[in-house]
Structures are given as structure tokens and as C-alpha cells.
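The values are calculated or read from the model by the stated rules, or taken from the named source; none is laboratory data. This is a predicted model, so every value here is computed, not measured. Here Cβ is always computed from backbone atoms with ideal geometry, including for glycine, and neighbour counts include all displayed protein chains.
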Amino acid sequence: MPGNRPIFDRAIEGYRHAAQLEDWPQAFRDAVRAVQEFPSDVEARSYLAISLYHTGRYPQAAQLLEELRQRRGDDPLTLAYLARAYEGNQQFERAGAVLLAIAEQALEQRRLPDAVEAFEEVIRIEPAREDVRIRLAEVLVEMGDQRAAAEQCIAIAQGRMARGDYAGAGEALEEATGLDGANQAAHLVRSQLAELTAAATPAVTEALPPPLQSAKPRGTTGSLRRGTGRLRGTSGLRRGTGVLQAPVSMIDQLVAAAVQLQATGEFAAARSAYEQLLAQGAERNDVLYNLGVVYAELGEHERAVELLRRVHAADEYALSAAFALGQSLRASGATRAAAEQFEVTIRLVDLETISRTEADDLVSMYEAAAECYSELGEMSRAASLYGMLASFLLSKRWGKELGDQFKQRAKELTERSMFAKLRSIGTGALPGERGPNPPPLPTGANITPAAEVWGALPSLSDFLKGDVATVPVRTTEQMTAPFTLSEVPAADHPSYLPVTPIMTDGCSDMLVGLVAASSHFVEQGLIYAALDACHEVIRLEPEFLPIHLRLGEIYERDGRPDDAVIKYRTLVDAYAARGKQSDAISVYYRLIDLSSDTVPTRVALIELLRQAGRLEEAVSQTLLLANTYFKIGQTNRALEEFRQLQQWAPRSSSIHKEYGQALFKLERWEAALTEFRRAAQFDPADPVALAELNMTLAVLGQHERALWDSFAALLEKLRAAPHQLPDVQSTYRASLLIVDAPLLHYLLGLIQQFADQHASATLSFEQALELLVMEEQPPIPALLVHQALAESYSAQGQAQAAIDQLHTAQRLFTNQPVVATMPYLFARPLTPAEVERRLASALATVGDWQAAINALDHCLKLDPTDFAAYTQLADIYFRQGKLPQALAQYEKLASVYEEHQQLDPAIATLQDAVKLAPSALEIRSRLAQLLIRRGTLDRGLKELLEVALLQKQAGQIKDAVLSLQQAAEVYWMLGQHDHAFHIYRQILMLAPHDLDARQRLVNLHIPAGQREAAIAQQRHIAEMYQEQQQYSEAIAALHQIIALDPTDAAAYEHLGDLLLRVKEYDQAVRLFRRLARLRPDDAHIQALQSTAERMVTMQREQAA
């Protein structure tokens, strides 16, 4: 039966979102939900496989990937994940088989680098695979990398030497030197092979006395010089020379002298002494070893390597020679060989005999090996070494602090390795299903079906570097039943922590040694040896209880969980009987992790925690207990536990939330509402608590105002904390699994819309509409849902769908008007004007310009104050190329803003218009006026001056003068007189005959105390009036000059002349008399006065 497609789509989108955030637990839950709806969907099962891998469920991931491999064909990413899953589950043989298939497929497609990487990964997982090394060497030769191929041949030779196959080793070395004749490692191995071959042949030997104590290499101590074997047969003669050795006493003296030189740091002299000994045939181990150390001190590492290889098999020098050999190999650049040699050194150490004084040497060995692997990029191996060292140190009373340091270092390296691989893996889905007939596996590939027993999780190491190659697919079992939440088991043993350290203070040396041995055996994987050590401890000290904890841990590692549970239960009872509450509690936690029925165990643990005063832990365990009761159907017991928890921690938000969720699942809405309200009250910053309160209000449908107020508050919290959006969405999805209410779908859609997840929001809104149709009394008007759908369609670019939804909303509003009672946009219907405006946006998107214009015109008729409509209309006109109409809309909008005293929006509107038409004088002039009116004088003056310049360029001189005059007045008002006079000078240059401008300038000069400048401008005014035969105005101007300067004779003379012209003889006579007093000796003035008097006489005679 097909599942619910909207739920499936939401689950798929939830998975993708969680994968992008690398929230793999949430991604796993969403993938499971998707598979529950459509069990056969390849994409959903692919997502589930990826999330299983990333959450450490390697066995299940491998099982599902095998199924996908059968269905999908030769898909590279599927096989890459499959190999990782098998490796994570410690199924190295299967992982290697998959990698080999990847390599062979890469070879078929001639992608040789990818094949090399795959072969190298197989060797990393299974180092003893000689056949893979041979195949890798062949590919390297084909690629032209002779040196790398030679290194593989050398590794093959070393493996054969270790097995005693000297002939085969010689063949491999011949291949290596044929490929790379200059390879020093090949020559060194050849020397070692020759020595081994000679040692295996019966030879005459000469017994030599024991060597003197030789100088120690740096980083080692004599106490560590213990070996585990030696070469078969040694010769005391210098072969092939026929020279007998010097007498024993003479040799001993020479050795002692050379050792003394070495101890005092005279390495050159020591070298000569040791070389002399060798020339005399004294090829003793002490001579060879010390000379090798001297060569290393002098930097002659190749010669040091040759000698140290000859002596490192001797019992008395095995450890020191092996370590020195590793140092020389590393110094000569053979990092891989050095790392392997350091590991040989570590295996030679008898940890049981290490004391505090020898710990530094042991640390040096582990650090040297780990550093080599780090340089090689094998972080997981380096982490393993540090982990082994930390385990040993932590088992010693004197090594706690140092052990913690190396434990932390191991953890850091493991995380680095894991994160590097997670980044290479990515978060994408596996590709779609391929053809039904995949090709068979290459011959020899042997991969069994997915195991039913899940193994332990090893450290994650480097996988394929770069793109994973494609690989042929084999036939597997039929597709398994779809995974569901109950059918996907958790990995039983994803990883093992180090064994719990056991305090052995005051114990016998024998018991201390046995406890340490058990720890060492466990870390080395020697389960039965560890069990024997533990049983021996019990035999020696039956009352030593901590060893029983160690036994339980060993049972866990051995895959015997039932035995571990029995052991832990017995230990808990013993601790409880002896009153050791703290120890009992720690064992209880282990017992809970293993037990199938955790209820009685957890009940006992809770009581013990309460008695110990560890209330916080008791609360946490009680919460788990209550949820367990609820899951197994004992709801009354669960509710009793929740109520008890409220008594212990009445102000705990988490308790109220959990209790509320339980009540909600039982459909006890009112009680759940009370708990969610308390949770939100005790933790106001938690949006999830507010979401749970809101969803409960939605289900109840009785508190409309509280519903929308809480939802608005929730959106505000999410705006401040967007990272909690996934948790809030999960809360609403969980509620929908309990009650499929249309209002919940609508709220979830609004949250998805808020998060710009419009595709998901669309599905939620559609689901809400489907459910609303079946409601007799809909909890919300369908009109609201159609409005929200239109918004999401518009956001996704689906304009026609948005238009259809808006038309539906218009029709619904017309048939059954809805009264808006809420202030929130998501809770009220759009006004008719708002609907028209949104319709216009959608129509414009589909290119129906005229319909969009009509809708906006209608909108403005309905609501002339709809500011957005003016902007949209202007935008449509502009996109049509109708700039004047667009500017007219901006001007109208600015006027509406101005009428409502909203000057800032008006200014912003005009600025937008100026961007469209920078030379629009009317708009820019109005913008300047508004800026000055708003008080932003600097911007207003700048705009006003630009307007004046544009007016001048357009030939509108009079308007330009007016603009400049206004700017000058503003500057004058601001006290910036220099700017004002400068602008007026510009005005006079622009309009020299502008009498009004000159008069304004005079009015500025006078209060500024610039009398001369005012008189000069006033004189120009009088002259200009006279030229225009406006004598009255000219006379008035001259009177102003005389008022400013009563001694200005020129003004008097000019005024008298004008008075004679207008036949004002009496005034002229009086004026000339005053002028005569100013200039009494001026004959011209006297003549003018006489003329005026004569004209007065004539005028009077004529009048008589």
C-alpha cells in the first residue's frame, strides 16, 4: 500500500537539511520516516544507508548497501560507502574484496591512478596480501612509476624473508633492482638477505667471550635491552679474507678503548677504533652495534643501517639495535621502513618489567613510531599507538598524568582522521537505481552476505583520496524488508573504551602484576590470557572486587553480553552489601547499557542515586525510566514517575516538557497545555517549549488570541535563534503523527515559509486544505491558507499558481467575508487592496503588464495610502520603458508620504526616482526642498546646487538663480556668510542684470557691515534702473545710497541730475544746495544749482 507522499517529501527534505548541517542522528530519523512511507524507494533507502554509516551503525549500513548494490549496478559511491562500512565493522576481508572490485573496474576503464589508490587501501587493510602488492607493482610499472614499483617488490621480498623463502625474496629483489637500480633500500635488504642466507649455512664459528658493556644509543636504556630471538648461526671469522682474529685479550682491550672514546663523545676516533677491530676480524655483536651507533651519530645513516641490520637479531642487542635502526632509517628518509622498525622495537619490550625510570625510553619508542605514521598520513595508526601507550601508563600508579596526555593525543588524532574522511564522503545521496542485470564480480572475489553479528568499530583511517572509482556489482540476496524505527538495530559494539583502571595500592606485587597483565592482554586482544589473569587474581585475593569489573569488560569484548550482565549484577550486589554506593552506581550504568530489560535496574539505580545525594543524575534517570514505561505501554506508571519528578525538581523546564509530551500523546490536551505553559515559563528562551505550547493551543482550538500571540512570539525567537528551526519543525511534525489537524499543518507551513523552505511549506499548506475540506467547522478560514500558498508559489517563481490561489482567495472573501480580529498578517485575511497588489506582482512576473497595471490602479482606488502599490506601479512602467509615468508614480507616493508627515520615506522615494532619472529637475528640486525641510541641510544644499547646475545647463537661468538664492539664504541662516556671498557672486555672473538678486545682495551686505560693497551694488541698481528709464526706482536706489553714506557726493550729483530729468526742480535745488556745502568750491555744482533755480523760477512763472 503506497504511503503518504507529503509526509515522505517532508522527511526527504528534513534529511537533506540535517545532512547539510551534519546532524546525522536527525538525518537518520528523517530517513527512517521516509522509508516507512515508501519502503521500496531507492532514494530513501540510499539516504538511510548514508545516515546509518555516519551514525556508526556499520553492520546495518553494510547490509543495506549490499541490497542497493544489487539494485543500482556499478555505482562508485555505493561501493565506496560499502567498503567503509565493512572496514568500520572490522570485516577487513570483505572491505578488501570490495576495494579490489573497485580497482579492477578502474583498470577496465583505464583510470590507473584510481586503481592504484584502491590497491593501496587493500594493502593498508590487509598488509600481508602479496598478490595485491604484485598487482599494484604491475600497474605502477604500466604508469611509469618504476621507483614505487620497486618499493612494492622490496616489501614482497621482506615478507618472503620473514617466511624463510629466501629464494623468492631474491627474485623479488632482482625485480626491484631491475626497476630502480639506485634504490638504497633494495641494496640494504639484499645485504640482509645475504647475511640470512649465510647464517642458514653451516659455518665454522669461533666462540668469543661475552662483549663488554657498550655505549647506549640516545633514547634507550640498558634495562630495555632484552630481545626475543636471534639469527640462526653466526660466524666469528671474517669470511673471505683468510685473516685470523686477533687474540681475545687484545680484542677486548681494543673494544674497551673504543667504548671509552664513544662515551666521551669522540666519535671520529671511536669510528676508527671500531673499524680497526673489524679489519682484524672482530665481527662481534658489540663491535657491530657500537660502530652502527657511531655512524648514526656522525650522520652516516646508510652505513649505520647496514651494521644495525646485522646485529639487531642478537638477544642482548635486539631492542637497542632495533630502535637505533629505526632512527637511522627515519633520518635517511625511509619513513615507512622506520615506522615498521619502531613497531618491531615496541613488540620487543616486556611491559611487565618497565619501571618509572624506564618509562621515558618507552615513551620515546611509541612517539617515534607515531610520528612516522603521522608523517605518512596514517593518523589512525598513530592514534592507536598513543592509545596503547596511554592504556599502559594509566595502569601504573606513577603514570596517570602522562597517560592522560597520550590519551588526549590519541583522541585528537582519531578525530582528525575521522573528520578528514567525513569531508571526503560528503552529504549527497547515492545515485538512482540502475539496470536490473549487473555484471558479475571478477574471478576470485569472495564477498559473503551482510553479517548478522555486528562487530566493534575501529578507528576511522584514510580511505580513497579523490573520486571513488566505479566497480562491477555482484548478485546478493533478495532485498530485505524495509527498515523501520524498530527494525533498524543500533550497533551493539560501535567502539570500546579502554578498560577501567584498577587501583592496586597496598596490594601484593604478584597481584599488581596480574592486574597490569590483564589490562595489557585486553588491549592486545588476547581475551583468554586476560581471563586467566583475572581468575588468578581472584584465586589470590577473592575479596578484590574491582577485578570482577574487569571480567565484565572482557566478557563484553568477547561478545558474551549475558555473562557480562551476570557478572555486573553480582558485583552490584557485593558493592551494595559493603556500602560502596559510588562503585555500585558506576557498575549500574554499565549494566543498563547491556540489559535488555532496563526498568528494574534503572529503578534500583535511581534509589541508589537519591541515597548518595546525586539528585541531578537521579532526575535524569527517572526521566529515562518514565519514557521507558511510556514506550512499553505502562502509561500510568510513566505519569506517576513524571509527577514524582516534579516534586524533586518543580522548576525544571525539561521535566515539564517531557511530561507535557506524554500527556499530549495520550490526547490529554488541557493537562499538556498546563505543562507546556510551565516549561515555557521556566525557560523563556527555549523556542521548542513555546512551540509545544502553541501546537497544543492549536489542537484545543479554544484560545485564538493566545494561539496567534504565542506563534508570533515563536517567530521572533526563531528570528533571533535560526539554528533551532529544525527542532521546532520536528516538534510540529511529531504532533502531526498524533493528531492530523489542518491548523497544525498551516502552522508548520508558516514556519517553513519563515525559513525560506517554500517547497515544504507548499506541501504543508496543501495538506491543510485537504483536511479543511473534511471539517464541519474549520478551525481557520481556507482563505488564510490560499493566501499563504500564493506567497510560497511566488517565492518559488510559480507565478500562475500564485495567481490562481489569489483569485480563489478573492472569490472566498466575496462569498463569505472574514472579519479581521488579529493584527498578524498570518492570522488575518488580506484586504482587497492587498490582494490586488499581490495579484499585480504575479501578473507582472508572467508578463501581463496591462493586467498588472489595472490591478494596481484598482488597489489604489481601494486604498490610496497603499504605499507599496505606487512602487510596484512605477516599477512596471519603468520595465515597460515608460519613464515619465514611472516618475509620476514616485512623485505621487512622495506626496502621500508628505501628507502623512512621513518625510523620511518621501525622501527615500524621491531618491529612488532620481536614480532612474538623474536629470529630472522637478523631482530633484522637490527632493532638495524636502531635505532642507527635514533638517538634513548638508544633503539639501548639495542637492540644491546640483539642481541649479542642471537648470543652468538646461537654459533655465531664472530657475537656476532662484535655486542659488535659496541656497545662499540657507548658508546665511547657518552663519556661513562666505558661502552665501560666493553663491551671490555666481548669481551675478549668471544673471548680471537681475535687479532683484543685486537688491538681495545689498540686503546681505548691510547687516554684515560691508557698507562699501552695499553702496557699490546699490549704485549698479540705480544705473540699471536709469538705463531702463525707471527713474523713480533709480531715485529710490540713490536715496538708499545717501542713507548709507550722507557724504557720497557722486550719489547727490546723480540724484540731482535725475530730479532735473523728472522736473522735480524744487527737490533738485535743495539737493544741490546740500551738495554745494559738501563741495563748496566746485563750479560745476554751482552751475547745476543755478540751472535748477532758474528752472524753478520758470516753472513758477508758467504756473502764474
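Can you confirm whether Pro864 is farther than 17 Å from Glu836 by Cβ, modelled with pLDDT of 85 or more and not hydrophobic (A, V, I, L, M, F, W, C)? No; evaluated as a whole, the condition is false for this residue. Annotation: Arg110 fulfils all but one of (1) out of contact with any helix residue (DSSP H, G or I) (no Cβ under 9 Å at 6 or more places or on another chain); (2) assigned to a helix (DSSP H, G or I); (3) not small (Gly, Ala, Ser); the unmet one is (2). For the residues Gln753, Gln724, Gln757, the requirement of being under 25 Å from Lys665 (Cβ atoms), under 32 Å from the mean Cα position of the chain (by Cα) and surrounded by 15 or more Cβ atoms within 10 Å (Cβ to Cβ) singles out Gln724.
Looking only at region 778-834, which residues are in contact (Cβ under 8 Å) with a residue 60 or more places away in the chain and among the aromatic types (Phe, Trp, Tyr)? Explain how you work it out, then say what you get.
Pass one, region 778-834, residues in contact (Cβ under 8 Å) with a residue 60 or more places away in the chain: 779, 821-822, 824, 826-827.
Once the filter is applied, which keeps residues that are in contact (Cβ under 8 Å) with a residue 60 or more places away in the chain and among the aromatic types (Phe, Trp, Tyr), region 778-834 yields Tyr824, Phe826.
Does at least one position in region 702-712 carry a residue that is free of Cβ contacts under 8 Å to residues at least 60 places away in the same chain and within 23 Å of Ser620 (Cβ to Cβ)? No, region 702-712 contains no residue that is free of Cβ contacts under 8 Å to residues at least 60 places away in the same chain and within 23 Å of Ser620 (Cβ to Cβ).
Please tell me if Gln767 is touching a residue at least 60 places away in the same chain (Cβ under 8 Å), surrounded by 20 or more Cβ atoms within 10 Å (Cβ to Cβ) and under 22 Å from Ser710 (Cα atoms).
Details: touching a residue at least 60 places away in the same chain (Cβ under 8 Å): yes; surrounded by 20 or more Cβ atoms within 10 Å (Cβ to Cβ): yes; under 22 Å from Ser710 (Cα atoms): no.
Here the answer is no, as Gln767 does not meet what is asked.
Taking helices (runs of 4 or more DSSP H) as the structural unit, those lying wholly within region 564-682 and holding at least 2 residues that are under 37 Å from the mean Cα position of the chain (by Cα) and crowded, with 16+ Cβ neighbours inside 10 Å correspond to 581-594, 615-631, 653-665, 669-682. Gly292 fulfils the conditions (1) modelled with pLDDT of 85 or more; (2) within 44 Å of the chain's Cα centre (by Cα) except for a single criterion, (2).
Filtering Ala968, Ala960 for residues that are out of contact with any strand residue (DSSP E or B) (no Cβ under 7 Å at 6 or more places or on another chain), in a helix (DSSP H, G or I), more than 23 Å from Arg1019 (Cα to Cα) and modelled with pLDDT of 80 or more leaves a single hit, Ala960. Just checking, does region 663-673 include any residue being within 16 Å of Ala734 (Cβ to Cβ), among the charged types (D, E, K, R) and touching a residue at least 60 places away in the same chain (Cβ under 8 Å)? Yes, because at least one residue in region 663-673 is within 16 Å of Ala734 (Cβ to Cβ), among the charged types (D, E, K, R) and touching a residue at least 60 places away in the same chain (Cβ under 8 Å).
For residues in region 1005-1018 being of a type outside the set (S, T, N, Q) and surrounded by 20 or more Cβ atoms within 10 Å (Cβ to Cβ), which is nearest to Ala1037 (Cα to Cα)?
First, the residues of region 1005-1018 that are of a type outside the set (S, T, N, Q): 1005-1009, 1011-1016.
Checking which are surrounded by 20 or more Cβ atoms within 10 Å (Cβ to Cβ) leaves us with 1005, 1014-1015.
Details: His1005: 15, Ala1014: 11, Ile1015: 10 Å.
Here the answer is Ile1015.
Determine, yes or no, whether Arg190 is outside any loop (DSSP other than H, G, I, E, B), under 49 Å from the mean Cα position of the chain (by Cα), at pLDDT 80 or above and basic (Lys, Arg). No: the conditions fail for Arg190. Filter region 343-393 for residues that are at pLDDT below 80 and acidic (Asp, Glu) and give the result. Asp350, Glu352, Glu358 - these are the residues of region 343-393 that are at pLDDT below 80 and acidic (Asp, Glu). Filtering region 885-937 to residues that are assigned to a loop (DSSP other than H, G, I, E, B), more than 16 Å from Thr871 (Cβ to Cβ) and at pLDDT 85 or above leaves Gln901, Pro918. Scanning region 564-578 for residues that are within 21 Å of Pro650 (Cα to Cα), in contact with a helix residue (DSSP H, G or I) (Cβ under 9 Å, 6 or more places away or on another chain) and modelled with pLDDT under 85 turns up nothing. With respect to (1) more than 22 Å from Thr731 (Cα to Cα); (2) within 27 Å of the chain's Cα centre (by Cα), the lone exception for Glu66 is condition (2).
Against the conditions (1) in contact (Cβ under 8 Å) with a residue 12 or more places away in the chain; (2) assigned to a helix (DSSP H, G or I); (3) within 46 Å of the chain's Cα centre (by Cα), Thr865 satisfies every one except (2). I need every pair where a residue in region 935-949 that is free of Cβ contacts under 8 Å to residues at least 24 places away in the same chain has its Cβ under 6 Å from the Cβ of a residue that is crowded, with 17+ Cβ neighbours inside 10 Å and of a type outside the set (Gly, Ala, Ser), sequence separation at least 6 or different chains. Every condition considered, the pairs that remain are Arg939/Leu931; Glu943/Leu927; Glu943/Leu931; Ala948/Leu964.
His786 fulfils the conditions (1) at pLDDT 85 or above; (2) not in a helix (DSSP H, G or I); (3) not hydrophobic (A, V, I, L, M, F, W, C) except for a single criterion, (2). Any residue that is part of a helix (DSSP H, G or I), within 28 Å of His745 (Cα to Cα), touching a Gly at 6+ places or on another chain (Cβ under 8 Å) and among the basic types (Lys, Arg) - is there at least one of those in region 72-91? No, there is no match, as no residue in region 72-91 is part of a helix (DSSP H, G or I), within 28 Å of His745 (Cα to Cα), touching a Gly at 6+ places or on another chain (Cβ under 8 Å) and among the basic types (Lys, Arg).
The requirement of being touching a Cys at 6+ places or on another chain (Cβ under 6 Å) and crowded, with 20+ Cβ neighbours inside 10 Å is not satisfied by Ala844.
Taken together, the residues in region 356-380 that are among the polar types (S, T, N, Q) and either more than 22 Å from Ser395 (Cβ to Cβ) or not in a helix (DSSP H, G or I) (or both) amount to 2. Within region 292-309, the set of residues being within 17 Å of Leu319 (Cα to Cα) and without any contact (Cβ under 8 Å) to a residue 24 or more places away in the chain comprises Leu307, Leu308.
Taking region 723-777 as the range and being at pLDDT 90 or above, of a type in the set (D, E, K, R) and outside any helix (DSSP H, G or I) as the test, only Asp756 passes. Considering region 956-996, and only residues there that are among the hydroxyl-bearing types (Ser, Thr, Tyr) and within 60 Å of the chain's Cα centre (by Cα), the residue that is surrounded by the most Cβ atoms within 10 Å (Cβ to Cβ) turns out to be Ser963.
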